[in-house]
1. If you take the charge dipole of the chain about its Cα centre, with +1 on Lys and Arg Cβ and -1 on Asp and Glu Cβ, which of Met45, Val188, Tyr203 is farthest toward its positive end?
2. Order the peptides 241-253, 287-299, 174-186 from the highest to the lowest mean number of other Cβ atoms within 10 Å of their residues.
3. Given a 1.4 Å probe and the protein chains all in place, what does the accessible area of Arg204 round to, in Å² to the nearest 10?
4. Carbon-plus-sulfur fraction of the accessible area of the stretch 41-94, 1.4 Å probe, in percent?
5. Tabulate in residue order the Karplus-calculated ³J(HN,Hα) for the stretch 352-369, using 6.51 cos²θ - 1.76 cosθ + 1.60 with θ = phi - 60°, rounded to whole Hz; enter x for Gly and Pro.
6. Which entries of Lys85/Lys371; Lys25/Lys315; Lys300/Lys368; Lys78/Lys113; Lys23/Lys286; Lys300/Lys355 show an alpha-carbon separation above 20 angstrom in the structure shown?
7. Using amide H atoms built in the peptide plane, which far-off residues or other-chain residues are under 5 Å from Arg332 H to H?
8. Compute the acute angle (0 to 90°) between the alpha-carbon long axis of helix 196-209 and the principal axis of greatest extent of the alpha-carbon atoms of the chain; round to the nearest 10°.
Amino acid sequence: MDAPLSVDLNLPEDRPGPRLRRKSKRVWVGGTPIGDGAPVAVQSMCTTLTHDVDATIRQIDALQEAGCEIARVAVPDKRAGEALKEIVRRSILPVVADIHFDYKLALMALDAKVHKLRLNPGNIHNKDGVREVTRRAKEQGTPIRIGVNHGSIGDRQPGDLRDEAQRMVDLALSEIKILEDLDFDDIVVSVKAFDVPVMIAAYRRLAKAVPYPLHLGVTEAGTALAGSIRSAAGMSVLLYEGLGDTIRVSLSEDPVVEVKAAFDLLKSLGLRSCGRADIDLIPLAKVAEERLRAMPTPMKVAVMGCEVNGPGEAKDADVGIAGGVGKGAIFRKGKVVGVYPEDKLMDALLAEIDKILVENGKEPYSQKAPKLSHEGMLTPGRSVPAGTRT
């Protein structure tokens, strides 16, 4: 007897699970993609004094171990600007320089090859400086995040009938126009507010007005408990609606707590899985991409950062790697077929791919695979090989 036909008569917006993600431009922050369907990236901000390079790098390493994918550092003065080159050289994560008012600090950040700038061009009064920063950022492929915070939009003028959300959106649009008029569109945008309804309304309106990826956040959300609740109240609504491409949970806590809260939020919505990354996942994925780019036969290959949950979460992949501490598992259709030291993982993956090809009457691929052009590099723009950062 045939199984009964099952028909879901619910509208898409009434079905379980987040709605389709908003389409946006793809922006690359080092090796981390933001927007255009990429996984929602988790970022945090260092609380160290940026000129204290060793302390800042220790905190970035701790953030990476917690699952963070992008680290932002404050650049309030020349001392911080001078430290950026060494921070970028030693950082395992892409580095974002947070700039306010001074275009010369932005130029120092670009000299250091940071992976993104966070600045509002309208706040920089030297317009020639804005043009120079924008030109250099475009030449280097460095994106810029425009960040509008409700607390800094200024007092309402007499006769201004706009609500607070619209005032934020209009300011963001004016900042975006400055960059667009300079032929720059490698942009990420945020419109953060402490008041959750204002924040939600601002992001919804902005999402309809621009094609750029959105950085979600609630400003100065609070301590671990209160801040996590406030952040979840605002960001979960937008993420469920398909809005938001990268997030920061802003807490008055150790930034590692921010990362854990962010992953818990994303996991609760089914948007991300494990926040643990026991292996240098980004460089491993870049190596896999380069070695497999000439594959003549389509095959779904997964590179996962957690050996515990990775195989099961990528069980629809034909083959994959799940990283552990100094080692990793090779799996096929969710089943582990071997565990190898980290430096042997790529060869083991290629060998397993050869087995699959031969089983299906195809020629092996490993001997034809391209050699690495950037062996040991973390991501484009980061020059220190994994395992040798000091």
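The values are calculated or read from the model by the stated rules, or taken from the named source; none is laboratory data. Note that the structure is a prediction, hence the values are computed from the model and not measured. Positions of Cβ are backbone-derived with ideal geometry, glycine not excepted, and every protein chain shown enters the neighbour counts. Note: areas computed on protein heavy atoms with side chains; ligands, DNA, RNA excluded. Shrake-Rupley method; radii C 1.70, N 1.55, O 1.52, S 1.80 Å.
1. Comparing the listed Cα positions along the dipole, Val188 ranks first.
2. Output ranking for 241-253, 287-299, 174-186: 241-253, 174-186, 287-299.
3. Looks like 100 Å² after rounding.
4. 47
5. Whole-Hz 3J(HN,Hα) from phi for the stretch 352-369: 5, 4, 4, 4, 4, 4, 5, 4, 9, x, 9, 7, x, 10, 4, 6, 9, 5.
6. Long pairs (Cα-Cα over 20 Å): Lys85/Lys371; Lys25/Lys315; Lys23/Lys286.
7. Hits under the 5 Å cutoff: Val337.
8. Here the helix axis deviates by roughly 80 degrees.
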